[in-house]
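The values are calculated or read from the model by the stated rules, or taken from the named source; none is laboratory data. As the structure is a computational prediction, the values presented were derived from the model and not from experiment. Cβ placement follows ideal geometry from the backbone for every residue including glycine, while neighbour counts extend to all protein chains displayed. Side chains included, ligands, DNA and RNA excluded: accessible areas come from the protein's heavy atoms. Shrake-Rupley method; radii C 1.70, N 1.55, O 1.52, S 1.80 Å.
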Amino acid sequence: MRITLIVVGKLKEKFLIDGVAEYLKRLRKFAKVEVREVPECRTVEEEGQKVLSLVPRDSWLCVLDVAGAELTSEDFAKKIAELTLSGVSDLTFAIGGAFGLSAELRRAAAYRLSLSQMTFTHQMARLILVEQIYRAFKINRREPYHW
């Protein structure tokens, strides 16, 4: 499986950099993982175009969206398992910038996911997302971590 994370902006806080690095390292046991960063732009439309230009061809695209579906960790794991069983081997997750996502990016997504009804910085969302992707793999393999 190949997983691409396309994110707007660079991580600035050491604790976020370290946390994301740890979960990316753990994830590499299960998938080839790549992070592609897009610089913050003046408009969400411009950011959206740059994000879309980095989505690998034929990849299943999920955007993090405040209006997206809210899933439990178990349901997120099931979603990934269902995609894998249906032949999807290339997943892309996109996290917009501080001002959200462009309408074009939302329309292009195969799935829109909300991490919570709470508001997180887009940088914090990156850490939460990589941890949840890792957790999904552990759940699907019935390996200890989730409990």
- Please work out the ratio of the alpha-carbon Rg of the chain to 2.2 N^0.38 Å and round it to two decimals. 0.98
- Item | 18 Å tail of the calculated P(r), region 1-80, as % of Cα pairs | 55 percent
- Note on the structure: Extension length gain for Ser73 and Glu143 (0.36 nm per residue less Cα distance), in nm, is 23.8 nm
- Message: Along the charge dipole of the chain, pointing to its positive end and built from +1/-1 on Cβ of Lys, Arg, Asp and Glu, which listed residue (Gly97, His122, Thr84) has its Cα farthest out?
- Response: Thr84
- Using a Gaussian network model of the chain with C-alpha springs under 10 Å, which one of Ala125, Ala94, Ala21 is most mobile by mean-square fluctuation? Ala21
- Simple Cβ-charge dipole of the chain, Lys/Arg +1 and Asp/Glu -1, about Cα centre, in debye nearest 20: 500 debye
- Note on the structure: Surrounding charge for Thr43, neighbours by C-beta under 13 angstrom, Lys/Arg +1, Asp/Glu -1, total -3
- Message: Suppose the Debye formula is applied to equal point scatterers at every Cα of region 61-147; what is log10 I(q)/I(0) at q = 0.13 Å⁻¹?
- Response: -0.42
- Query: Going down the table (Lys10/Lys50; Lys29/Lys79; Lys50/Lys138; Lys14/Lys79; Lys32/Lys79; Lys25/Lys138), which pairs top 25 Å between alpha carbons?
  - Reply: Lys50/Lys138; Lys14/Lys79
- Using the heavy atoms of the protein chains and a 1.4 angstrom probe, tell me the accessible area per residue for the chain in square angstrom. 56 Å²
